Structures are given as structure tokens and as C-alpha cells.
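Student: Handing you a structure now.
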Amino acid sequence: MTEKTDICALCQHFKMKEYPEHARVGAGRCMGYDGTREQLINPFLSWKTRACVRYARARNIAEREAWVAKQGAPAQTDNAAQSETKG
């Protein structure tokens with residue numbers, strides 16, 4: 001059984017449709033920190049980024065999961081990819 005990782009693309013705070021220029025390169029805007037003390041320096045993140053403490057599962061989760069499946073499985077962790085590269 002594989003463990004499902006929550007990623008930005010599945011969060012209700014993550015918006016891609018409103019930012020097509022970023023979506024074309026695989027990024028979206030995290031709105032989870034808007035109006036808080038912890039403003040993000042760069043709110044545009046890869047949709048594959050691991051969920052943060054502000055993660056809130058999107059209401060249209062089936063749509064988002066289908067989209068993620070179409071894009072291909074997200075990398076499990078950046079560390080795993082780096083280990084393979086270093087060999």
C-alpha cells in the first residue's frame with residue numbers, strides 16, 4: 001500500500017486557473033498566507049510542493065486528483081531525487 005502525500009495542487013488555497021502564465025510552467029499561487037503575519041516571499045509554488053501547515057483539502061478534490069493523475073505522479077520527496085542524482 002502506498003502512502004498518499006498531500007501536495008499543494010490538492011489544497012483549497014492553491015490557485016492555478018487565475019494565473020495562466022505561472023500554470024504553464026507548473027506553478028500556482030498559494031493564498032493560504034494572504035492577510036496573515038507570515039507572508040510568503042514568493043507565493044508562486046510548484047503544484048507538486050508538499051503541503052504546509054496551512055493545507056486545507058480542496059472541496060473539488062476529485063477534479064484536482066484527476067488533474068494530478070494526468071500530470072503524472074508527483075515526486076515523493078526532493079531528497080529522494082537528489083540521492084538518485086548523486087548516485
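The values are calculated or read from the model by the stated rules, or taken from the named source; none is laboratory data. All values reported here derive from a predicted model rather than from experimental measurement. Note: ideal-geometry Cβ built from the backbone for every residue, glycine included; neighbour counts use all protein chains shown. Only protein heavy atoms, including side chains, enter the accessible area calculation; ligands, DNA and RNA are left aside. Shrake-Rupley method; radii C 1.70, N 1.55, O 1.52, S 1.80 Å.
Student: Can you pull the Kirkwood radius for segment 7-71, inverse mean 1/r over Cα pairs, to one decimal in Å?
Tutor: Every distinct Cα pair counted, the radius reaches 11.9 Å.
Student: Could you give the accessible area per residue of segment 7-71, probe 1.4 Å, as a whole number in Å²?
Tutor: Computed with neighbouring chains in place, this is 67 Å² per residue.
Student: At a 1.4 Å probe radius, carbon and sulfur cover how many percent of the accessible area of segment 7-71?
Tutor: Within segment 7-71, the accessible surface is 53 percent carbon and sulfur.
Student: Within the set of other residues whose C-beta is less than 9 Å from the C-beta of C8, count the net charge using Lys and Arg as +1 and Asp and Glu as -1.
Tutor: Charge balance near C8 sits at +1.
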